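Each remark here refers to the structure printed beneath this line.
No value in this document is a laboratory result; all are computed from the given coordinates. As the structure is a computational prediction, the values presented were derived from the model and not from experiment. Don't worry about glycine lacking a Cβ; one is built from the backbone with ideal geometry, like all the others, and counts go over all protein chains shown.
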Amino acid sequence: MAGLLAAGAPLRPAADDGSRRKAEPCGACHGPAGNSSIPTVPSLAGQPAIYLHWQLILFRDGRRPDPQMAPLAAALSDADMTELAAWYAAQKPVPPPRVPLTPAQADAGRALAERHFCFACHGAAFEGRDYAPRLSALHVDYLTSQLRRFKAGTRGDLDGAMTTAAQPLNDEAIVDLSRFIGGMGPP
Amino acid sequence: MSHIVVLIITVLALGATALGLPLAEAQQPPPSWKQGQPAELATSPLSPHAQPPAPKAPGEIPVDKLKVPSGFKVSLWASGLPNARVMTWGDKGTLFVSSRVAGNVYAVLDRGGSREVKTIAKGLNLPNGIAFKNGVLYIAEIHRITKMEGIEDKLDAPPAMTPVYETLPKDAPHGWKYLAFGPDGKLYFNIGAPCNICIPPDTHANISSVNPDGSGFEYFAQGVRNSVGFDWHPVTKELYFATHARDWLGEDVPNDRLDHAPRKGLHFGFPYCHQGDIPDPEFGKGRSCAEFAPPLLKTGPHVAGNGVQFYTGSMFPPEYRNRMFLAQRGSWNRSQKTGFKVMMVTLRPGDVPRYETFAEGWLDGDKFWGRPVYTQQMKDGSLLISDDYVGAIYRVTYQR
């Protein structure tokens, strides 16, 4: 079942229209088809549906503290969350303007990503899988803010994995890593 | 990590800093599911199965695929309980149900023909462990045990959770707990090893106990990698517990375990010795498996035994009296899946227990659709089985 909800899987036209309407309020921040133009707001297009649905639960229950998202998630039923997650998972990610990297920055970033096992959960092209979101085609500012919050222990995650993974990172590494991930080519 | 290794690394790191070399060259720990993976398995596609965020609708749960022994019947008893795990009875007929990653605790009321589900707590830190006594529901999360007093009369306006014991280790890996009252009136729980394979701190890899008022913390059994299911024999009152063995040692080794702890103070081998007879390739050096208590039963590699419960009802045939049910949530670290069923263990003094399948059908070839995780007896002697994957509870009845 989860395979059908992977990025790029098309929905039936009628279902798509209904879900698109349901997602309209979300578009104000996350962009009309889930591609955000606000650097501190994540793009949702092409994220694993399981990841999106769990994040809505974490927002609703206060496990991922966010005063903006909490009341919005609380207003959603299980069925709403399933539908929104599936719709966003099926949208095509459009990368933000690419931040050019020097070869040295690319090498340093890749070394960090390998040393900290980012690819092991997020995929060889950062395409994401299950609980691990797609990191490609996201704003560098968003990536940086999330890693800083994981390091500080203030960005909840489902099972503690990212909070643990961020502990060995100093801020320089966070900046280098976010720049590397943001500077990778389109998915 | 041993103290000597930490010391050596610290000295080298300080030395490196003095020479202006980057510290960050040291390999960082991988995600916990990958830790201990040897180089030759680095490209393995195996990783833990993601938990569906929403429960399955009753019409989508294929109960007819479940098989039980002749004379038994299995039906869907309750659904709509995301990530349903441990079940424990209140004094007034309420069934409390825990969850793990979903962070919720539920109360289920039996309305005769149907069940009503209430969520009495949410946003908790993997609250797998629940136990009930004298009107009080105790909840064990990763980092603390709390209680809700008088909850059964206040299901729609649950009381605040108040502290019982709050200084437990905070490690997420194997940090979720099973919680149960022992024959001595103490609350027993596991503190799992914070890794797949490592030398755990002295505070970890054990089964411990505490009084319901939070006093009297005590280690009961050591060398237990992670046990999230245990029960005491109805007659001898001795502890029997299931343990999850390490990963990334191979398809067929080591076996998960069922152990018997007739007294406090035994060491069951982790991390030095697995399944009673396999020294760990790294940590077993210089040790002998003979130093440690061997398993009562090797229950199969990677089967993930959770719920352990002795049957004490009178609905099932007499040979089921004092038999143990072992719910196996099923494998992730094996290319051919195993587990995903409820086994039964019949103790035979002086002999290896008899070990047979009770309920199966959650695994269909190479695909699973559900994961049985705990059992609980009803007053009438029927058996409830929770399924944390589809978020439901089944009921098994018997008629001659």
Could you sort out which of B:LYS147/B:LYS341; B:LYS133/B:LYS341; B:LYS65/B:LYS341; B:LYS92/B:LYS133 sit more than 21 Å apart by Cα distance in this structure?
B:LYS147/B:LYS341; B:LYS133/B:LYS341
How many nm separate the modelled label positions at B:ASP277 and B:LYS73, each set 7 Å beyond the Cα in the direction of the Cβ?
4.4
Only residues of the stretch B:223-251 count here: report those whose backbone N is under 17 Å from the spot 7 Å along Cα→Cβ of B:ARG321, or say none.
B:233-237
What is the calculated FRET efficiency for B:TRP89 to B:ARG111, with r their C-beta to C-beta distance and R₀ = 22 Å, to the nearest 0.05?
0.85
In this model, which of B:LYS56/B:LYS122; A:LYS151/B:LYS118; A:LYS22/B:LYS177 are farther than 31 Å apart at the alpha-carbon?
A:LYS151/B:LYS118; A:LYS22/B:LYS177
Rounded to the nearest 20 Debye, what is the dipole magnitude of chain B about its Cα centre when Lys and Arg each give +1 and Asp and Glu each give -1 at the C-beta?
740
For B:LYS34, give me every one of the lysines with a C-alpha distance below 19 angstrom, ignoring sequence neighbours fewer than eight places off in its own chain.
B:LYS337
Among B:TYR311, B:TYR355, A:TYR51, B:TYR374, which comes first, then next, by fewest other beta-carbon atoms within 10 Å?
B:TYR355, B:TYR311, A:TYR51, B:TYR374
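For chain B, go through all pairs of different Cα atoms, get the mean of 1/r, take its inverse, and jot down that Kirkwood value in Å.
After inverting the mean inverse Cα-Cα distance, the result is 21.9 Å.
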With each pseudo-label sitting 7 Å past Cα toward Cβ, what's the B:ASP156-A:ASP171 distance in nm, one decimal?
5.2
What residue among B:ARG144, B:ARG287, B:ARG371 has the largest mean-square fluctuation in a Gaussian network model of chain B, using Cα springs under 10 Å?
B:ARG287
Quick one: compute the contact order of the stretch A:103-183, relative version, from alpha carbon pairs under 8 angstrom and 6+ residues apart, as a percent.
36
So which GluC sites (Glu not before Pro) in the stretch B:89-176 pass both tests, a DSSP loop state and at most 14 other Cβ atoms within 10 Å of the Cβ?
B:GLU166
So what is the 222 nm mean residue ellipticity for chain A from helices alone, if each DSSP H run of at least 4 adds -39500 (n - 2.57) and you divide by all residues, rounding to the nearest 500 deg cm²/dmol?
-16000 deg cm²/dmol
Nearest 10, in degrees from 0 to 90: the angle of helix A:49-60 to the longest Cα principal axis of chain A is 90
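Quote the FRET efficiency, to the nearest 0.05, computed for A:ILE38 versus B:ALA57 with a Förster distance R0 of 41 Å and r equal to the Cβ-Cβ distance. Show your work: numbers first, answer last.
On the way: r = 36 Å, r/R0 = 0.88.
Rounded to the nearest 0.05, the efficiency is 0.70.
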Rounded, prolate or oblate (a/c below 1.5 giving rounded, otherwise prolate when a/b exceeds b/c) for the stretch B:197-251 by Cα gyration tensor:
oblate
Label-point separation, B:ASP252 to A:ARG21 (7 Å along Cα→Cβ), nm
5.9
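Given Cβ point charges of +1 (Lys, Arg) and -1 (Asp, Glu) and nothing else, what value in debye, to the nearest 20, does the dipole of the protein assembly as shown about its Cα centre take?
On the way: 59 positive and 56 negative charges, 146 e Å.
Dipole about the Cα centre, nearest 20: 700 debye.
Dipole magnitude of the stretch B:211-266 about its Cα centre, charges +1 at Lys/Arg Cβ and -1 at Asp/Glu Cβ only, in debye to the nearest 20?
On the way: 6 positive and 9 negative charges, 47 e Å.
Computed about the Cα centre, the dipole is about 220 debye.
Rounded, prolate or oblate, given the Cα gyration tensor of the protein assembly as shown, with a/c below 1.5 counting as rounded? Write out the running numbers ahead of the final one.
On the way: a/c = 1.79, a/b = 1.26, b/c = 1.42.
Oblate, since a/c reaches 1.5 and b/c is not below a/b.
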Rank these for me by crowding, B:ILE197, A:ILE38, going from fewest to most other beta carbons within 10 Å.
A:ILE38, B:ILE197
Springs between alpha-carbon pairs under 10 angstrom, Gaussian network model over chain B: which of B:TRP176, B:TRP89, B:TRP33 fluctuates most?
B:TRP33
Quote the FRET efficiency, to the nearest 0.05, computed for B:THR43 versus A:ASP107 with a Förster distance R0 of 22 Å and r equal to the Cβ-Cβ distance.
0.45
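When you have a sec, figure out the Kirkwood radius of chain A from all distinct Cα pair distances and drop it here in Å to one decimal?
Details: mean 1/r = 0.0596 Å⁻¹.
For chain A, inverting the mean 1/r across all distinct Cα pairs yields 16.8 Å.
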GNM, chain B, Cα, under 10 Å: largest mean-square fluctuation among B:LYS298, B:LYS237, B:LYS67?
B:LYS237
Could you tell me how many degrees, from 0 to 90 and to the nearest 10, lie between the Cα long axis of helix A:140-152 and the main elongation axis, the longest principal axis, of the Cα atoms of chain A?
80
I'd like the orientation of helix A:13-30 relative to chain A: the angle between its Cα long axis and the longest Cα principal axis, in ° from 0 to 90, rounded to 10.
50
Checking every Cys Cβ in the protein assembly as shown against the others at 4.7 Å leaves as unpaired A:CYS26, A:CYS29, A:CYS118, A:CYS121
log10 I(q)/I(0), Debye, Cα-only the stretch A:107-154, no solvent, q = 0.29, 0.31 Å⁻¹?
-1.25, -1.24
Roughly how far apart, in whole Å, are the Cα centres of the stretch B:71-112 and the stretch B:269-287?
38
